[in-house]
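The values are calculated or read from the model by the stated rules, or taken from the named source; none is laboratory data. Worth saying up front: this structure is predicted, and the values here are computed from it rather than measured. We place every Cβ from the backbone using ideal geometry, glycine too, and count neighbours over all the protein chains shown. These area figures cover heavy atoms from the full protein model, side chains too; ligands, DNA and RNA do not enter into them. Shrake-Rupley method; radii C 1.70, N 1.55, O 1.52, S 1.80 Å.
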Amino acid sequence: MTGLLALFAFVIGAVIGSFLNVVIYRLPAGLSVVWPRSRCPHCGHTLTPLELVPILSWVAQRGRCRNCQAPIAIRYPLVEALTGVLFAAAALLRPEFPGLLLIWGFIALLIALAFIDLDTYELPWGLNYGGLALGLLGARLLGYPQPFSQALDGALIGAGFLAMINAFGVLLMLRGRNNAWTPPWGYPQINLAAAVGSWLGPAAGLVAGFLNVAFNLRSPKPFRIPDALALGLAVLGPLVALLIPGWGLTPLSSLRAWLLSAGGLALAGGIYWWVQEWRHPSAQTDDGDEVVAMGFGDVILMGFLGAWLGVANLGVALLLAVVAGAVIGLVVRRMTGENKIPFGPYLALGGLVAFFFGQDLIAWYLGYIGAR
Ligand SMILES: [Zn+2]
């Protein structure tokens, strides 16, 4: 029975993987992913239903177009096989419905994001926010894979944490000087929310950040507070909570409020810029002179993963991503001399492993250090 379910899941996965190949190829190019039917990129021959059978058609045609004999990249059947294997693994590990359908969506989105990031160094807004929305919706409607409050916490803290890694990284790179930004909404507003949140709690942090954005939308002279001041204040928050009795926040709740506030401004800001790009496709809403240590797509991807994993498992995912990125990135650099390494694929990999095995890894680690 389980074998049959796994086989069924593999076939579904391979078919979805075939569609993911189309998404990975067409979405960054701004093409429709549903129309027209797939063609050979070399001769334009429209693929027949038989030539669309995942994996097998590639094997049967020995990796060549049946019409013009041009080679078809082995990546296509590999993506199909990968999706099939992961769908089957999910069916074996989490066989309950309708949760399994949600998890298949989670896996499909991560595969598309990982390969698009490899190809283009971009993580499309739609896939990132689609994953975030699916995670929050599943939590809200089904309590799956975790309660809604934990999903929301994970999303905000995840995005906030990676935004802060970038903010502090850039502050170091610029030796405390202000970074460039594009009004009305950027890191200065995220950092302001972080500072106020760290001192006064998440509600105050979010209000301060959104007020700054609202002011910038109406005023011809956008307002920002200096990066070094905002981030310095944010760091002092937990210390104040520690040193002043009866402050109202503990050091931990101050840290939590700091990340929640930063994450709220980051995730909402991404939606703002996504809408801007959609309304003015030709306009330059790009970073300009802004220095970045970590792309904004990675920040949103952390929010997406947090909504599915919760804070603890997200920590495991990030750790795995950093280790895998360092090891594989070093090998890739040796082999290809490529210096620019996308982080998205490693985050996706860490997120998948931590989603299924995060609790086991935490338990194993606690046992290993003798905490249990
Ligand atoms: Zn052809």
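How many residues are at positive phi and in a helix (DSSP H, G or I) when one looks only at region 61-115?
The total comes to 0.
Could you please give the count of residues in region 102-135 that are surrounded by fewer than 17 Cβ atoms within 10 Å (Cβ to Cβ), hydrophobic (A, V, I, L, M, F, W, C) and within 13 Å of the chain's Cα centre (by Cα)?
1
It is to be established whether one or more residues within region 230-253 are under 30 Å from Gly126 (Cα atoms), without any contact (Cβ under 8 Å) to a residue 60 or more places away in the chain and not basic (Lys, Arg).
no
Starting from region 62-76, take each residue that is over 11 Å from His45 (Cα atoms) and list its partners that are near the ligand (Cβ under 10 Å from one of its atoms) and aliphatic (A, V, I, L, M), counting only C-beta distances under 6 angstrom and pairs at least six apart or across chains.
Taking only residues 6 or more apart or on different chains, the pairs are Gly63/Ile72.
Residues being outside any loop (DSSP other than H, G, I, E, B) and more than 16 Å from the ligand (Cβ to nearest atom): count how many of those fall in region 27-53. First the steps, then the outcome.
Of region 27-53, the ones outside any loop (DSSP other than H, G, I, E, B) are 39, 46, 49-52.
Keeping just the survivors that are more than 16 Å from the ligand (Cβ to nearest atom) gives 49.
Of the residues in region 27-53, 1 are outside any loop (DSSP other than H, G, I, E, B) and more than 16 Å from the ligand (Cβ to nearest atom).
Name the one entry in Tyr365, Tyr346 that is open to solvent by less than 30 Å² (accessible area, probe 1.4 Å) and hydroxyl-bearing (Ser, Thr, Tyr). Before you say what the answer is, go through the steps one by one.
Working: Tyr365 fails: open to solvent by less than 30 Å² (accessible area, probe 1.4 Å).
Tyr346 is the lone residue from the list that is open to solvent by less than 30 Å² (accessible area, probe 1.4 Å) and hydroxyl-bearing (Ser, Thr, Tyr).
Would region 198-207 turn up any residue that is under 23 Å from Ala133 (Cα atoms) and surrounded by fewer than 21 Cβ atoms within 10 Å (Cβ to Cβ)?
yes
Given (1) open to solvent by less than 60 Å² (accessible area, probe 1.4 Å); (2) closer than 23 Å to Leu171 by Cα, identify the lone condition not met by Leu229.
Only one criterion in (1) open to solvent by less than 60 Å² (accessible area, probe 1.4 Å); (2) closer than 23 Å to Leu171 by Cα is unmet by Leu229, namely (1).
Could you tell me whether Ile12 is touching a helix residue (DSSP H, G or I) at 6+ places or on another chain (Cβ under 8 Å), within 15 Å of the ligand (Cβ to nearest atom) and open to solvent by 50 Å² or more (accessible area, probe 1.4 Å)?
Numbers: touching a helix residue (DSSP H, G or I) at 6+ places or on another chain (Cβ under 8 Å): yes; within 15 Å of the ligand (Cβ to nearest atom): no; open to solvent by 50 Å² or more (accessible area, probe 1.4 Å): yes.
Spelling it out, it is not the case that Ile12 is touching a helix residue (DSSP H, G or I) at 6+ places or on another chain (Cβ under 8 Å), within 15 Å of the ligand (Cβ to nearest atom) and open to solvent by 50 Å² or more (accessible area, probe 1.4 Å).
Scan region 249-263 and tell me whether some residue there is surrounded by fewer than 14 Cβ atoms within 10 Å (Cβ to Cβ), among the charged types (D, E, K, R) and either out of contact with any Phe, Trp or Tyr (no Cβ under 7 Å at 6 or more places or on another chain) or farther than 20 Å from Pro342 by Cβ (or both).
no
Inspect region 76-94 for any residue being within 16 Å of the ligand (Cβ to nearest atom) and not charged (D, E, K, R) and give the result as yes or no.
yes
Just to be sure, is Phe210 touching a residue at least 24 places away in the same chain (Cβ under 8 Å), more than 22 Å from the chain's Cα centre (by Cα) and either under 26 Å from Trp308 (Cα atoms) or open to solvent by 40 Å² or more (accessible area, probe 1.4 Å) (or both)?
yes
So Tyr25 ticks every box in (1) open to solvent by 60 Å² or more (accessible area, probe 1.4 Å); (2) touching a residue at least 60 places away in the same chain (Cβ under 8 Å) but one. Which box is left unticked?
With (1) open to solvent by 60 Å² or more (accessible area, probe 1.4 Å); (2) touching a residue at least 60 places away in the same chain (Cβ under 8 Å) applied to Tyr25, the lone miss is (2).
Within region 160-180, is there a residue that is of a type in the set (S, T, N, Q), out of contact with any Cys (no Cβ under 6 Å at 6 or more places or on another chain), free of Cβ contacts under 8 Å to residues at least 60 places away in the same chain and part of a loop (DSSP other than H, G, I, E, B)?
There is at least one residue in region 160-180 that is of a type in the set (S, T, N, Q), out of contact with any Cys (no Cβ under 6 Å at 6 or more places or on another chain), free of Cβ contacts under 8 Å to residues at least 60 places away in the same chain and part of a loop (DSSP other than H, G, I, E, B).
Conditions tested, residue by residue: (1) outside the structural domain of Val213 (by TED's automatic domain parsing); (2) more than 19 Å from Asp289 (Cα to Cα); (3) among the hydrophobic types (A, V, I, L, M, F, W, C); (4) at pLDDT 95 or above.
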residue	(1), (2), (3), (4)
Asp153	no, yes, no, yes
Ile157	no, yes, yes, yes
Leu162	no, yes, yes, yes
Asn166	no, no, no, yes
Leu171	no, no, yes, yes
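Since Gly138 meets every condition but one in (1) in contact with an Asp or Glu (Cβ under 9 Å, 6 or more places away or on another chain); (2) closer than 23 Å to Leu156 by Cβ; (3) open to solvent by less than 10 Å² (accessible area, probe 1.4 Å), which condition does it not meet?
(1)
Looking at region 297-309, is at least one residue part of a helix (DSSP H, G or I) and at pLDDT below 95?
no
Counting only residues that are within 11 Å of the ligand (Cβ to nearest atom) and open to solvent by 50 Å² or more (accessible area, probe 1.4 Å), how many does region 60-75 have?
6
What do you reckon, is Ser57 farther than 30 Å from Gln146 by Cα, within 16 Å of the ligand (Cβ to nearest atom) and outside the structural domain of Phe357 (by TED's automatic domain parsing)? Working first, answer last.
Working: farther than 30 Å from Gln146 by Cα: yes; within 16 Å of the ligand (Cβ to nearest atom): yes; outside the structural domain of Phe357 (by TED's automatic domain parsing): yes.
Considered against the rule, which asks whether it is farther than 30 Å from Gln146 by Cα, within 16 Å of the ligand (Cβ to nearest atom) and outside the structural domain of Phe357 (by TED's automatic domain parsing), Ser57 comes out as yes.
Between a first residue in region 77-103 that is closer than 11 Å to Pro54 by Cα and a second residue that is open to solvent by 30 Å² or more (accessible area, probe 1.4 Å) and among the aromatic types (Phe, Trp, Tyr), which pairs have beta carbons less than 6 Å apart while being 6 or more apart in sequence or on different chains?
Pro77/Trp58; Gly84/Phe10
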